[in-house]
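Novice: Pasting in a structure now, in structure tokens, and then I'll have a few things to ask.
The values are calculated or read from the model by the stated rules, or taken from the named source; none is laboratory data. The model shown is predicted, which means the values in this text are computed figures rather than measured ones. Methodologically, a virtual Cβ is constructed for each residue, glycine included, from the backbone with ideal geometry; neighbour enumeration extends over all protein chains shown.
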Amino acid sequence: MDIPRGTLSSSVSLNRRRLLGLSALLPWAPVLLGCSASGAPSPEPLVPLATNAAEDERLARATAAEAEFSEQAELVAQVRAEHAKALRREIERLGGDPGTPTNTSPPSPGSDSTKPGRARLRSALREAQGRAEETVPLVSGHQAGLVGSVSAACASLLEVV
Amino acid sequence: MSSTELSEDGSGALERALGAEHAAVWVYGLARAFVPESETGSTVEAGASSHREHRDRARTLLRAAGATPPAPRAAYRTPSPVRDRNSALHALLAVERDCSVGWMAVLERSRSTELSELALRGLTGAARRATKWRVELGERPSVPPFPGRE
């Protein structure tokens, strides 16, 4: 097939470079965007998401003990641990208190405790996706991207769990 | 649909996301011939339809904001020539990643609920399909922690 120049690989890698260039501005982007709406951005909307991500990590680690399901559960644990870490870092950067990550209370809602591990993990991920989705309109700029990415990752995990 | 205010960088990001959607529509059309219908064909069909919808919505929003939406190219170059199932899956994965990156940039620059919703839907759909293609290709991990920021 004869394909003209100005093609997917060249144009997209160029775009990606431009996007990366813009991403380099992000540390101060939230300040600018937040100011136009309601003063400095608040870390508050991120706090429950960080707690939720850490709970999911614990639930997934406990579920990983189920032999047939360990690989998927391990992936959930890794991804949700990254979410918790990034959200806490962002909360701290905005001057908030991310709470103590050492909380070891039972991670799952009581009504879910009778479900098998996989079903429990799926409902936890659905809830996490929804929570993050609902948080997107409450934040802007870098935080909106972060929260949207968390939501998209939870939706993606549901494809493999 | 109400007219949407787009900041200058929001408009630029939306134009680039639309460019990624144009490429995705083209690549899904190409891949259809190489991915057997019985297997993941329905995912290909659903993906193609979703990309067309996002392309159309991006165009509409740009026009509503007074911008001229970029036109699709006649053809796009894939990461490797698409000549079998495997190379088709790689091309599908590549366009989904580009769409994720494109919609993430829109989400970060959006100042309207309508645009944020579209960007989140574009990002989420692309991330989910990328995961399906990674699973088909046997790539690990099948889910990156931060789709759109890979």
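Novice: With respect to A:Ser123, determine if the residue is in a helix (DSSP H, G or I), at pLDDT 95 or above and within 13 Å of chain B (Cβ to nearest Cβ).
Specialist: no
Novice: Continuing with this model, one more query. Which of (1) assigned to a helix (DSSP H, G or I); (2) modelled with pLDDT of 95 or more; (3) among the charged types (D, E, K, R) does B:Glu114 not meet, given it meets every other one?
Specialist: (2)
Novice: Every residue in segment B:113-150 that is over 17 Å from A:Gln78 (Cα atoms) and among the acidic types (Asp, Glu), please.
Specialist: B:Glu114, B:Glu117, B:Glu136
Novice: How many residues does segment B:100-119 contain that are over 20 Å from B:His22 (Cβ atoms) and either free of Cβ contacts under 8 Å to residues at least 24 places away in the same chain or aromatic (Phe, Trp, Tyr) (or both)?
Specialist: Of the residues in that region, 3 qualify.
Novice: When both residues are 6+ apart or on different chains and their Cβ atoms are under 8 Å apart, which pairs have a first residue that lies in segment B:68-84 and is at negative phi and more than 10 Å from chain A (Cβ to nearest Cβ), and a second that is at pLDDT 95 or above and exposed (fewer than 15 other Cβ atoms within 10 Å of the Cβ)?
Specialist: B:Pro69/B:Arg63
Novice: Filter segment A:145-161 down to the residues that are under 8 Å from the mean Cα position of the chain (by Cα) and more than 7 Å from chain B (Cβ to nearest Cβ), then identify the one that is surrounded by the most Cβ atoms within 10 Å (Cβ to Cβ). So that I can check it myself, show each step before the final result.
Specialist: In the first step, residues of segment A:145-161 are kept if they are under 8 Å from the mean Cα position of the chain (by Cα); the result is A:146-154.
Next, only the ones that are more than 7 Å from chain B (Cβ to nearest Cβ) stay: A:146-147, A:150, A:154.
Details: A:Leu146: 29, A:Val147: 27, A:Val150: 32, A:Cys154: 30.
Per the stated criteria, the residue is A:Val150.
Novice: Turning to a different aspect of this structure: Out of (1) under 14 Å from the mean Cα position of the chain (by Cα); (2) within 10 Å of another protein chain (Cβ to nearest Cβ), the odd one out for B:Arg57 is which?
Specialist: (2)
Novice: For segment A:59-93, how many residues are assigned to a loop (DSSP other than H, G, I, E, B) and surrounded by fewer than 17 Cβ atoms within 10 Å (Cβ to Cβ)?
Specialist: The number of residues fulfilling the criteria is 2.
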